[in-house]
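The block underneath contains the structure these notes are about, expressed in structure tokens.
The values are calculated or read from the model by the stated rules, or taken from the named source; none is laboratory data. Keep in mind that what you see is a predicted model, and the values were worked out from it rather than measured. Note: ideal-geometry Cβ built from the backbone for every residue, glycine included; neighbour counts use all protein chains shown. Quick note on the areas: whole protein, heavy atoms, side chains included, nothing else; ligands and nucleic acids left out. Shrake-Rupley method; radii C 1.70, N 1.55, O 1.52, S 1.80 Å.
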Amino acid sequence: MKKDSGTSSRVTVCLAATMKSMVVVLAVLAPGRALAGETARPVASMTVQERQNLPDHTLVKLKSGRTASLGVLRAEHQARMQRFARASAMGQIAAGRLSEPSGGATQPNQVETEKRQSPVRSSAQKEAQSSAATANRTGGAGRPGVGTKVGQAGTGVAHMPFFVVPFQIASAPLTPIPKDYMDFCTAAKATACIYIPANTSLTAYQGDPNAPNTHAMDEDLLITDADVCKYDGGLPWGAECLFYYPLVHLVNFKPTGSLSTSAACDPPSKYLLDQKGAVKASYLNPNSTFTLDAPITCAVQVWISR
């Protein structure tokens, strides 16, 4: 009987220890099960205090329809503030990659033009390049086309001053321009410019279904003050601050002399120069939502001889 009693006691202790372990395991797994079944809260239903203090695993549904945890959205907010602070420095680096004319212009060179332009050219561009090539062969005056960089092979160097076509972009009431985009492009001294931020989920929008996407929207639910949002170039929308980054930037100008260009573009961004007086920088992402590991920038300078 004593032997049986000892065995029974050991069994009881073993069962108790096993049940205690199961309780610990269940306690650890419980939060995970709760998260899996949690319903996303519309961002408009959350107070400022809730956005700041609720647990990171809280799911939120944003204006774009995207669902993300507060932890992810808070991390994106911090990355957003950091990129706003360093956008101007990034633009200065891009400016250092551009080469400016130094008192002389090389006449249009057809081979170089082919290399520097997008493969898609208008009939007017082809006509202008043909006229320029004819002028180069005959020594006559042709229509000015896309200029080569100073110092590159060409025909007939004309020593004359240049001026850069200034940066210009229209800000509409519903599509203001983010401050970090403006800081980058201004510091880069660009004529046409693309700046697409990294480490955030972007939603691309198009007005005409047959036209390419023209803006990528970035959302911040922690910028709740409308004045702060506007200062940063955002659009206050209900309970969020929305930032619209141009995916296409077109600048028109009057080509009063021969043209020269210099560009620093991260693939797959690109630019296209029309000698009739237009330059376009673009980044066309085929996806409606996307996240970049590194910023995509394209700074293009267009110079005109006086």
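Looking only at the stretch 249-285, residues that are in a loop (DSSP other than H, G, I, E, B) and over 18 Å from the mean Cα position of the chain (by Cα) come to 9 in all.
Pairing each residue of the stretch 224-235 that is in contact (Cβ under 8 Å) with a residue 40 or more places away in the chain and surrounded by 14 or more Cβ atoms within 10 Å (Cβ to Cβ) with any residue that is among the aliphatic types (A, V, I, L, M) and not in a strand (DSSP E or B), provided the two are 6+ apart or on different chains, yields C-beta distances under 6 Å for Thr224/Val48; Gly233/Ile177. Take the conditions (1) more than 22 Å from Ala278 (Cα to Cα); (2) out of contact with any His (no Cβ under 7 Å at 6 or more places or on another chain); (3) open to solvent by less than 40 Å² (accessible area, probe 1.4 Å); Tyr244 misses just one of them, which is (2). Of all the criteria given as (1) farther than 23 Å from Ile93 by Cβ; (2) open to solvent by 40 Å² or more (accessible area, probe 1.4 Å), the one not satisfied by Asn285 is (2). Report yes if some residue within the stretch 95-105 is under 21 Å from Thr291 (Cα atoms) and at pLDDT 95 or above; otherwise report no. Within the stretch 95-105, none of the residues are under 21 Å from Thr291 (Cα atoms) and at pLDDT 95 or above. Surrounded by fewer than 20 Cβ atoms within 10 Å (Cβ to Cβ) and farther than 26 Å from Pro161 by Cβ, is that true of Pro197? Against the criterion (surrounded by fewer than 20 Cβ atoms within 10 Å (Cβ to Cβ) and farther than 26 Å from Pro161 by Cβ), Pro197 does not qualify.
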